[in-house]
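The values are calculated or read from the model by the stated rules, or taken from the named source; none is laboratory data. Just so we're clear, the structure is a prediction, and the values are computed from it rather than from any experiment. Using ideal geometry, Cβ is built from the backbone for each residue, glycine included, and neighbour counts are taken over all protein chains shown.
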There are 2 protein chains.
Amino acid sequence: MYPKKFSNSKPNITIADVAKAAGVSIPTVSRILNNKVYVADETRDRVNQAIKELGYVPHIQARQLRGAPSQTLALHYPVESPEMLSSVVEIPYVIGAAAAASKQGYFLNFLVSQLTPDTLLNIYRSNQVDGLILLQVSLDDWRVNLLREQDYPFVMIGRCANLEDLSFIDLDFETAMIEAFDHLVALGHREIGLLTYPERWRTAGLGPAAHSLAGYERALQKHSLGSYYREVELSGVEAGFAATQDLLEERPQLTAIIATNHLVAAGSIKALTQRGYRVPEDCSVLAIGFGEIANGITPSLTALEWSSYEVSYQATLIMTNQLKEKRLPVQQILVAPRLVIRESTKEAI
Amino acid sequence: MYPKKFSNSKPNITIADVAKAAGVSIPTVSRILNNKVYVADETRDRVNQAIKELGYVPHIQARQLRGAPSQTLALHYPVESPEMLSSVVEIPYVIGAAAAASKQGYFLNFLVSQLTPDTLLNIYRSNQVDGLILLQVSLDDWRVNLLREQDYPFVMIGRCANLEDLSFIDLDFETAMIEAFDHLVALGHREIGLLTYPERWRTAGLGPAAHSLAGYERALQKHSLGSYYREVELSGVEAGFAATQDLLEERPQLTAIIATNHLVAAGSIKALTQRGYRVPEDCSVLAIGFGEIANGITPSLTALEWSSYEVSYQATLIMTNQLKEKRLPVQQILVAPRLVIRESTKEAI
DNA sequence: TTGATTTATGATAACGTTATCAGAAATCGT
DNA sequence: ACGATTTCTGATAACGTTATCATAAATCAA
């Protein structure tokens, strides 16, 4: 059982074959392929006929040799070990970008290789991509610094510190955090714990961690609340469970917990339940994040949520638009998460 | 605020520039780039020096013009509307493939555009990809038929009916279903309901639906059980909830429910709870599927699970290996899901 | 020392396409 | 009927690379 011979045996049909079959010159075929003016209808028909009969397909690389763009974008998530990605990258990011790219006539690469400055530049220089969409942008991101300096096109999902002349779309984590507290305080809660991004995110200067933290500090001040928080791995349930145990040990009188991830929230609910707290009667839980699973856990999860699909779709659209018209203004979009109230939050007793 | 000029203004450094700088001919530089024999060490050093100083990067498209492969794979999921994808495509599939591709020196495209036979062939003919990894393969899949006939390299995640000479890796859904029943029957359950793939999956001849069904029928026969099932959308929680209500209406004495998706299982548990069944005391729930959330819902979910990451990693490896050595034997791998017992199943009373 | 081999380099021709130019044929205005 | 324009087509030269061949220099075997 061996695979049959592979395609390399096929002699490719070129524009020259088409020209010969249609009895015209090569440039004429090229003109027809590129919808140039000044081609006789009769000739066009004859050539198109030949193209169809021969099953001719333009050789994209040959076109690029003449300076044509590659019509390819790439989504880049910087990562040490790809196995760890799953819990952080959400599939809608990839799908949204792929959908938008495809709609605009672009291919989408998904890059998870570990890039060095050199390899990053090579991707552009060698024409592999026309533009990049950067995920997981840190406040001082080497990719951003390099691409900005070298003047290669890219769009961020997320944002760095210096945003001058850069296009991005990001979630407003700061506002999200404040709204989370507003919601709980409005329900009468005063003892609110927080389970948030892992410490290494904060030390690495990653946007969500930084902006959440800023929001957290503003919220505490705004409502004069005490600070009870743990930084946990987003991977999940176990981490949320353990951190909640730990938090309740320190502060058993908590009446609400905010988690910046659905899986962490799920773990938190399990821990609360196990320690005899009823959710939401004794303790409310609110998540900041996105996922169908919000409806699946018991009680269903009140959350500040957004559509990752939309975000990456928009980011990709910004990129393709800027590639089409180079002098488009930069776009800077902050998406406000919306509060969806389900069963896991309730008035404080 | 306009983006600065884009890269098209940059004159690219070519092999000719390097040759001039190093005082050698163009072919000599090419030889060094491609690690050919017969180059003097002194020359090599001088050229490498020039390459580094000029920041030269080979123009990949020009290479491909000479017949070099594109070193690009694509993952293809056939889809009508990309927005509907999220619940079906799992991120580990994408990440596993991207990781394997990157490790083997390939790029990975994620294709969600709706392909026609023509556009599919064009992707190969125009050298966009060297090989494809097909997801969501149906028993009689036009992509498979076409690519097999035209002899283009591809690997399936999933499998069609006629597997001669084709490489695939797939989950053994049939065995999974039987093991699910075995587990429950061993616990003393006789009244078992099934929530499975949507009807349109079955009518479309999609592998998971077909093989699950086969397993279901064998399991019923093996244990002489009655058939109680609903076909539901995998998108989720609501669907699982409604279907469970419906199923219990018909057969309130059910003591176990099998779901072919975690979100559906979550919905099912909610429905059971709402109707006053305790899980697992009154009714066990078992899921066939994969997801960290299994630990997050209450009770945590007993499941027949697998690693999507591993599966797509393997599939990609098979593809790259076959591209490297054309006469490699085809690989046909069936992955057996493994039973992970958590809290949602228990002996029948 | 001689001829054969090995080692190192360069000239040249492709790969498939498009841009530029030049020229031929058709159409137009007077 | 004439030149001026418009419409159409084809030669030719690139784009950046690698393969092939030829040749020159260095090394080797006797």
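Does B:ARG46 meet the test of being under 25 Å from B:PHE110 (Cβ atoms), within 9 Å of DNA strand C (Cβ to nearest atom) and of a type in the set (D, E, K, R)?
For B:ARG46, the condition - under 25 Å from B:PHE110 (Cβ atoms), within 9 Å of DNA strand C (Cβ to nearest atom) and of a type in the set (D, E, K, R) - is not met.
Assess whether B:THR320 counts as being farther than 24 Å from B:MET177 by Cα, more than 10 Å from chain A (Cβ to nearest Cβ) and out of contact with any Lys or Arg (no Cβ under 7 Å at 6 or more places or on another chain). Break it down stepwise before answering.
On the way: farther than 24 Å from B:MET177 by Cα: yes; more than 10 Å from chain A (Cβ to nearest Cβ): yes; out of contact with any Lys or Arg (no Cβ under 7 Å at 6 or more places or on another chain): yes.
Judged against the criteria, B:THR320 is a match.
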*B:TYR216 passes all but one of (1) within 29 Å of B:GLN314 (Cβ to Cβ); (2) within 14 Å of chain A (Cβ to nearest Cβ); (3) at pLDDT 95 or above; which number fails?*
(2)
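One line per residue, one yes/no per condition, for (1) facing chain B (nearest Cβ under 8 Å); (2) in a helix (DSSP H, G or I):
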| site | (1), (2) |
| --- | --- |
| A:VAL89 | yes, no |
| A:ALA98 | yes, yes |
| A:THR119 | no, yes |
| A:GLN128 | yes, no |
| A:LEU132 | no, no |
| A:ASP140 | no, no |
| A:VAL144 | no, yes |
_region A:197-213, residues that are free of Cβ contacts under 8 Å to residues at least 60 places away in the same chain and buried (at least 16 other Cβ atoms within 10 Å of the Cβ)_ = A:PRO198, A:TRP201, A:ARG202, A:PRO208, A:ALA209, A:HIS211, A:LEU213
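Looking at B:VAL112, B:VAL137, which one is free of Cβ contacts under 8 Å to residues at least 40 places away in the same chain and farther than 22 Å from A:TYR124 by Cβ? Even if it seems obvious, please write down each step before you answer.
On the way: B:VAL137 fails: free of Cβ contacts under 8 Å to residues at least 40 places away in the same chain.
Just one listed residue meets the conditions, B:VAL112.
Given the criteria within 16 Å of DNA strand D (Cβ to nearest atom), facing another protein chain (nearest Cβ under 8 Å), in a helix (DSSP H, G or I) and of a type in the set (A, V, I, L, M), does A:ALA21 qualify?
Working: within 16 Å of DNA strand D (Cβ to nearest atom): yes; facing another protein chain (nearest Cβ under 8 Å): no; in a helix (DSSP H, G or I): yes; of a type in the set (A, V, I, L, M): yes.
Taking the combined requirement at face value, the residue does not satisfy it.
Taking A:GLU233, is it surrounded by fewer than 17 Cβ atoms within 10 Å (Cβ to Cβ) and either away from chain B (no Cβ under 14 Å) or at pLDDT below 95 (or both)? Lay out the reasoning, then the answer.
Details: surrounded by fewer than 17 Cβ atoms within 10 Å (Cβ to Cβ): no; either away from chain B (no Cβ under 14 Å) or at pLDDT below 95 (or both): yes.
No; evaluated as a whole, the condition is false for this residue.
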_Residue satisfying all of: in region B:59-81; assigned to a loop (DSSP other than H, G, I, E, B) and within 16 Å of DNA strand D (Cβ to nearest atom); modelled with the lowest pLDDT among these_ = B:GLY67
*Restricting region A:33-58 to residues that are under 39 Å from the mean Cα position of the chain (by Cα) and away from every other protein chain (no Cβ under 14 Å), which is nearest to DNA strand D (Cβ to nearest atom)?*
A:LYS36
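Restricting attention to region B:279-288, does a residue exist that is more than 21 Å from B:ALA186 (Cβ to Cβ) and modelled with pLDDT under 95? Reasoning before the result, please.
Quick first cut of region B:279-288, residues more than 21 Å from B:ALA186 (Cβ to Cβ) only: none.
Checked against the condition, which is being more than 21 Å from B:ALA186 (Cβ to Cβ) and modelled with pLDDT under 95, region B:279-288 yields no hits at all.
Which of the residues belonging to region B:293-317 are of a type in the set (A, V, I, L, M) and away from chain A (no Cβ under 12 Å)?
To start, the set of residues in region B:293-317 that are of a type in the set (A, V, I, L, M) comprises B:293-294, B:297, B:301, B:303-304, B:311, B:315, B:317.
Once the filter is applied, which keeps residues that are of a type in the set (A, V, I, L, M) and away from chain A (no Cβ under 12 Å), region B:293-317 yields B:ALA303, B:LEU304, B:VAL311, B:ALA315, B:LEU317.
Just the residues that are in contact with a Leu (Cβ under 8 Å, 6 or more places away or on another chain) and under 28 Å from A:GLN114 (Cα atoms), please, taken from region A:54-80.
Taking region A:54-80 and keeping what is in contact with a Leu (Cβ under 8 Å, 6 or more places away or on another chain), we get A:55, A:57-59, A:61-62, A:65, A:69, A:72-79.
Scanning region A:54-80 gives A:GLN61, A:LEU65, A:PRO69, A:THR72, A:LEU73, A:ALA74, A:LEU75, A:HIS76, A:TYR77, A:PRO78, A:VAL79.
Looking at region A:236-255, is at least one residue under 30 Å from A:ALA97 (Cβ atoms) and more than 9 Å from chain B (Cβ to nearest Cβ)? Even if it seems obvious, please write down each step before you answer.
Just the residues of region A:236-255 that are under 30 Å from A:ALA97 (Cβ atoms), to begin with: A:236-237, A:239-240.
Now restrict to residues that are more than 9 Å from chain B (Cβ to nearest Cβ): A:239.
The answer is yes; a qualifying residue exists.
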_Can you tell me which of (1) hydroxyl-bearing (Ser, Thr, Tyr); (2) surrounded by fewer than 20 Cβ atoms within 10 Å (Cβ to Cβ); (3) part of a helix (DSSP H, G or I) is the one A:TYR38 doesn't meet?_
(3)
*asked:* For region B:296-308, give me each residue that is crowded, with 23+ Cβ neighbours inside 10 Å and at pLDDT 90 or above.
replied: B:LEU301, B:THR302, B:ALA303, B:LEU304
*Could you tell me whether region B:260-272 includes any residue that is more than 21 Å from B:ALA209 (Cβ to Cβ), modelled with pLDDT under 95, within 28 Å of the chain's Cα centre (by Cα) and not β-branched (Val, Ile, Thr)?*
no
*asked:* So the check is Cβ under 9 Å with 6+ separation or different chains; which pairs have a first residue in region A:315-334 that's at pLDDT below 90 and a second one that's in a helix (DSSP H, G or I) and crowded, with 19+ Cβ neighbours inside 10 Å?
replied: A:LEU328/A:ILE318; A:LEU328/A:GLN322
*Could you say which residue among A:ARG159, A:ARG148 is outside any loop (DSSP other than H, G, I, E, B), in contact with a strand residue (DSSP E or B) (Cβ under 9 Å, 6 or more places away or on another chain) and not hydroxyl-bearing (Ser, Thr, Tyr)?*
A:ARG148
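For region A:308-349, enumerate the residues that are assigned to a strand (DSSP E or B) and of a type in the set (D, E, K, R).
First, pick out the residues of region A:308-349 that are assigned to a strand (DSSP E or B): A:332-335, A:338-340.
Selection gives A:ARG338 alone.
Yes/no matrix, rows are residues, columns are (1) in contact with a strand residue (DSSP E or B) (Cβ under 8 Å, 6 or more places away or on another chain); (2) under 22 Å from B:GLY193 (Cα atoms):
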{"site": "B:ARG278", "(1), (2)": "no, yes"}
{"site": "B:ASP282", "(1), (2)": "no, yes"}
{"site": "B:VAL285", "(1), (2)": "yes, yes"}
{"site": "B:PHE290", "(1), (2)": "yes, yes"}
{"site": "B:ILE297", "(1), (2)": "no, yes"}
{"site": "B:ALA315", "(1), (2)": "yes, no"}
{"site": "B:GLN322", "(1), (2)": "yes, no"}
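With respect to A:GLY276, determine if the residue is of a type in the set (Gly, Ala, Ser), surrounded by fewer than 20 Cβ atoms within 10 Å (Cβ to Cβ) and more than 30 Å from A:ASP165 (Cβ to Cβ).
On the way: of a type in the set (Gly, Ala, Ser): yes; surrounded by fewer than 20 Cβ atoms within 10 Å (Cβ to Cβ): yes; more than 30 Å from A:ASP165 (Cβ to Cβ): yes.
Yes; evaluated as a whole, the condition is true for this residue.
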*In region B:155-167, which residue that is touching a residue at least 24 places away in the same chain (Cβ under 8 Å) and within 12 Å of another protein chain (Cβ to nearest Cβ) is surrounded by the most Cβ atoms within 10 Å (Cβ to Cβ)?*
B:VAL155
